[in-house]
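Working notes, structure below.
The values are calculated or read from the model by the stated rules, or taken from the named source; none is laboratory data. Since we're looking at a predicted model, the values are computed, not measured. Methodologically, a virtual Cβ is constructed for each residue, glycine included, from the backbone with ideal geometry; neighbour enumeration extends over all protein chains shown.
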């Protein structure tokens, strides 16, 4: 006997936004926590389940080191859970590519 289970296609889709300035107050994206929550609600309504936060880093204007990004990501995930918004935020960075990137990296 073969048992068949129907799983709706929509229930297995995971949409991941891989470039979002959702962390509040650290670059030119979300200015406040309210902005962050509004962005997450909008993303969730579109079916997005995971967002990679990609604040600007080392671009001449912003310097968002990994520990700051991780701290903000933890805070945002706590707020999303508290608000019942079914989004997971992962940490990332947007690093501008330029001719001297590797040379600059090795100087640090």
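Applying a threshold of 7 Å to beta carbon distances and a minimum spacing of six or more residues, or different chains, the list of pairs starting in region 77-95 at a residue that is more than 23 Å from residue 59 (Cα to Cα) and ending at one that is assigned to a loop (DSSP other than H, G, I, E, B) and at pLDDT 95 or above reads 80/87. Screening 82, 40, 30 for residues that are at pLDDT 95 or above, within 15 Å of the chain's Cα centre (by Cα) and assigned to a helix (DSSP H, G or I) leaves exactly one candidate, 40.
Within region 60-73, the set of residues being in contact with a strand residue (DSSP E or B) (Cβ under 9 Å, 6 or more places away or on another chain), at pLDDT 95 or above and either surrounded by 14 or more Cβ atoms within 10 Å (Cβ to Cβ) or closer than 22 Å to residue 44 by Cβ (or both) comprises 69, 72, 73.
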